[in-house]
1. Could you list, in sequence order, the residues of region 86-106 that are at pLDDT 85 or above and farther than 26 Å from residue 21 by Cα?
2. Name, by its number, the condition in (1) closer than 21 Å to residue 2 by Cβ; (2) loosely packed, with under 10 Cβ neighbours inside 10 Å; (3) small (Gly, Ala, Ser) that does not hold for residue 75.
3. State whether one or more residues within region 6-24 are in contact with a helix residue (DSSP H, G or I) (Cβ under 7 Å, 6 or more places away or on another chain), surrounded by 11 or more Cβ atoms within 10 Å (Cβ to Cβ) and assigned to a loop (DSSP other than H, G, I, E, B).
4. Pull up region 25-59, narrow it to residues that are among the hydrophobic types (A, V, I, L, M, F, W, C) and more than 29 Å from residue 69 (Cβ to Cβ), then point me to the one that is surrounded by the fewest Cβ atoms within 10 Å (Cβ to Cβ).
5. Here are 83, 64, 68: which of them is modelled with pLDDT under 90 and within 24 Å of residue 6 (Cα to Cα)?
6. What residue, among those in region 59-88 that are in a loop (DSSP other than H, G, I, E, B) and touching a strand residue (DSSP E or B) at 6+ places or on another chain (Cβ under 8 Å), is farthest from residue 9 (Cα to Cα)?
7. List the residue pairs whose Cβ atoms are under 9 Å apart, where the first residue sits in region 80-106 and is free of Cβ contacts under 8 Å to residues at least 40 places away in the same chain, the second is surrounded by 10 or more Cβ atoms within 10 Å (Cβ to Cβ) and among the β-branched types (Val, Ile, Thr), and the two are 6 or more positions apart or on different chains.
Amino acid sequence: MVQEFYVENNEVFFVFEMEYKYNRPMYYDSVMMKENNDNQVFEFDESVIIETRSYFKNGKLIRQISNQDCGAPNSQGLRDEEQIRLLTSYSELIKALKNKEDLSPN
């Protein structure tokens, strides 16, 4: 998964995510297909790319749009869960970057 965080005044205002869902693992070839009594091998063209755009205002997730949306409304419960997931991911990224800076020679 790729995540891009857009920040202004130390606050996330937009997150773009892109995730690939493959039809089979990349290493799944014709030999593995036969061994598993399957009828498909890995095909990149059969992959699905899920793009999600998340919009924040004043530190709160206000809207989330995905190319996989089924047309269902954005429930508050779902937004709350996604807000926690995204802001936790952002915090972990910042922490990792700070740790990397602390370890780099001056």
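The values are calculated or read from the model by the stated rules, or taken from the named source; none is laboratory data. These numbers were taken from a predicted model, which means no experiment stands behind them. Here the Cβ positions follow ideal geometry from the backbone for every residue, glycine too, while neighbour counts run over all protein chains shown.
1. Initial filter on region 86-106 (at pLDDT 85 or above): 86-99.
The answer is 94, 95, 96, 97, 98, 99.
2. Here residue 75 clears every test but (1).
3. Checked region 6-24: at least one residue is in contact with a helix residue (DSSP H, G or I) (Cβ under 7 Å, 6 or more places away or on another chain), surrounded by 11 or more Cβ atoms within 10 Å (Cβ to Cβ) and assigned to a loop (DSSP other than H, G, I, E, B).
4. Of the residues in region 25-59, the ones among the hydrophobic types (A, V, I, L, M, F, W, C) are 26, 31-33, 41-42, 44, 48-50, 56.
Restricting the remaining residues to those that are more than 29 Å from residue 69 (Cβ to Cβ) gives 31-33, 41.
On the way: 31: 9, 32: 14, 33: 15, 41: 16.
The extreme case among them is 31.
5. One residue alone meets the criteria, 68.
6. Of all residues in region 59-88, those in a loop (DSSP other than H, G, I, E, B) come to 59, 67-75.
If we keep only those that are touching a strand residue (DSSP E or B) at 6+ places or on another chain (Cβ under 8 Å) too, we end up with 59, 67-68, 74.
Details: 59: 11, 67: 29, 68: 31, 74: 27 Å.
Across region 59-88, the extreme among qualifying residues is 68.
7. From region 80-106, the pairs are 82/52.
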